[in-house]
Amino acid sequence: MKQNITFIYPLSDDLVKKMKKDRVISKNMDLLSEFMKYTFDFPDILDQIPENAELVILPENDSEMYRENMKIVKKLQKEGHSFVIIKMKRPEPVPTPLVEVVGKA
């Protein structure tokens, strides 16, 4: 008789924190990329950002990232840093098109 055996490897707290940190960094890089695309189309927005200010993007449609980045805002406030908050929506992923070949090519 065949038995299915599942092994469960508990993740250490450090590994979970690292995975979360990596995900946050990746999402922030995506947000920054989208903001930079916007600045190419509307470069005047860069005039509103003071020199040497830190940039924090708060994605309005991603509550998890909004909370994570608000932690950064609070830390910057506490430390007296100059920063700018950019509120924007995370881009929605483009759905993969379904290609249907009909007839002969």
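Would you mind counting up the charge near ASN28? Only other residues with Cβ under 14 Å from its Cβ, with Lys and Arg at +1 and Asp and Glu at -1. It would help to have the intermediate numbers written out before the result.
On the way: positive: LYS20, LYS21, ARG23, LYS27, ARG67, LYS71, ARG90; negative: ASP22, ASP30, GLU34, GLU54, ASP62, GLU64, GLU68.
Around ASN28, the charge tally is 0.
Note the full-extension length gain between ILE49 and ASP62 as 0.36 nm times their separation in residues minus their Cα-Cα distance, in nm to one decimal. Mind showing how you got there, number by number?
On the way: separation 13, 0.36 × 13 = 4.68 nm, distance 2.34 nm.
My answer for the length gained is 2.3 nm.
Summing +1 for each Lys or Arg and -1 for each Asp or Glu, what net charge is found among the other residues whose Cβ lies under 14 Å from the Cβ of SER63? Kindly include the intermediate steps, with their values, before the conclusion.
Working: positive: LYS27, ARG67, LYS71, LYS87, LYS89, ARG90; negative: GLU60, ASP62, GLU64, GLU68.
Taking every Cβ under 14 Å from that of SER63, the sum is +2.
Please rank VAL102, VAL56, VAL24, VAL84, fewest neighbouring Cβ atoms within 10 Å first, as an exposure proxy.
Details: VAL102 5, VAL56 19, VAL24 16, VAL84 12.
Going from sparsest to densest Cβ surroundings: VAL102, VAL84, VAL24, VAL56.
Taking the Cβ of each residue in MET65, MET19 as the centre, tally the other Cβ atoms inside 10 Å and list the residues starting with the fewest.
Neighbour counts put them in this order, fewest first: MET19, MET65.
Dividing the alpha-carbon Rg of the stretch 16-88 by 2.2 N^0.38 Å yields what? List each step's numbers first, then the result.
Details: Rg = 12.9 Å, N = 73, 2.2 N^0.38 = 11.2 Å.
Compared with the compact-globule rule of thumb, the stretch 16-88 sits at 1.15.
What order do you get for LEU31, LEU76 when you list them from fewest to most C-beta neighbours inside 10 Å?
Numbers: LEU31 23, LEU76 16.
Lowest count first: LEU76, LEU31.
Modelled label-to-label distance, VAL73 and MET36, 7 Å Cα→beta-carbon offset: nm?
2.4
FYI, it's all coordinate maths here, none of it is from the lab. Keep in mind the model is a prediction, meaning the values are calculated, not measured. All Cβ positions, glycine included, derive from the backbone under ideal geometry; neighbour counts span all protein chains shown.
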